[in-house]
Every structure is written in structure tokens, then in C-alpha cells.
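Please treat every number below as a calculation from the coordinates, not as lab data. This is a predicted model, so every value here is computed, not measured. All Cβ positions, glycine included, derive from the backbone under ideal geometry; neighbour counts span all protein chains shown.
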């Protein structure tokens, strides 16, 4: 059954699906009156819906009983230095599939792509659309927020999390497994992953001063996207049964 995002403000016994979601349903999928779809609000709520009426710009729906999905614990914030090319799209997509709560794009000393000025809101909006499409495809009813792009230095000072981890290439640091298994049951974990070329020495020091624990992801040097997926998966696996 096709899935569509219906904003929380639009829910009711009868609801209107509008905007790009309605256009996709009516003009691409060519759904008609009487067809059934699933809608979700991005906050964990979903419902089956029957289409009562269709136009080019909106669908009138009759909603069935809503079902609420509990949030995943711990909440994972992926703080990711923006990589070059379209790799950030892939990172956002797979991070959503792995159940992150928020994604914080960062500009660091070694970031190749510079996102600033008018380009920053456009990039953030694009990545939020990628997150939405990933939710629709993987059956995730909780829509992660892709936060506005921030400079590494200013973000580090404001960073939060019961457990804060930075993926590190430094020799002699503890393994991610060891750090996770020694941790209590955090409500929020922040995972910080660097760009191609890793963090600068000053950035690594600033992160540790802000409470980030340097963690090794193994002896193989991973690409930025692989490091993100590895770290998220390990965190989710370690705490899923606690």
C-alpha cells in the first residue's frame, strides 16, 4: 500500500493531502476515488486511509484508526561532516533506514564542499526531502529532522547527548564496542563522523574537550559514509536489547 506524509496539523476524521504528496498520488501513481493508502505524520503515527475525492492538487481522505509507534531508544544524532558529491544524500537515506533521530550536517576544516549563504537552506531542504522519501520507502513513521548546516566549532560548543562519540583514526584509542558496552543506558547518543581527510588535530581536541569520547571503528580506514553506517548500526545493535 502506497505511503504518504500527512502533516500532524492535517489529521482528522477527514483530511486533505496536499502539495507534492498529492501531486505524486494523483499525477504519478494515478490513484482514484476508492483507492486505499497509508498516511503517517512523521511523529510515529500512521493510519490507513480511503480516498474520497481526487484533484490535481489535493486528495480528500477518510482516515481509519491511528496507530502510534514508540520512539527508538536511544535517540541517535548523527553529526556528519558534509562529504563531496551526492554522498550526503546516501548518508541521510541510510541513516533514516537505521533509525536516527536527527542529522546535523557540519562544515569542518577539511570539508571539500562549502555550504553557506543562500545555498545552506536549499541543501537542508533537499536533505530533508531525502529523509522523507526514505521514511516512505522503508516503513519508518518517525521522520528524522535534518538540522541546518553548522560550522563545526560553534556546533561543538552546543553539542548535547548522554553519550558523545567521535569516530577517530588516532592510534591507541578504545574500540567503539568497548565504549558502548561500558556505557549505561543513554537516552541520547551523538555520533560525530568526519569528512574525507578526517578532522583536523584542533577539531579532534575541541571535540574531546566538549566531552566526545574518541572511538576506533577498527583497523581498516573507512570512507565517511561507511563510518557513519557502521557507527549507527553498532549503537543500535548494542542498546536494542537493553
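Summary of values
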{"read-out": "Residues (in a loop (DSSP other than H, G, I, E, B), in contact with a helix residue (DSSP H, G or I) (Cβ under 9 Å, 6 or more places away or on another chain) and farther than 20 Å from residue 66 by Cβ) located in the stretch 1-31", "value": "31"}
{"read-out": "Test result for residue 101, touching a residue at least 60 places away in the same chain (Cβ under 8 Å) and surrounded by fewer than 16 Cβ atoms within 10 Å (Cβ to Cβ)", "value": "no"}
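For every residue, the table says whether it meets (1) over 21 Å from residue 234 (Cβ atoms); (2) crowded, with 22+ Cβ neighbours inside 10 Å.
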site	(1), (2)
128	yes, no
134	no, no
138	no, no
148	yes, no
153	yes, no
159	no, no
166	no, yes
170	no, no
175	no, no
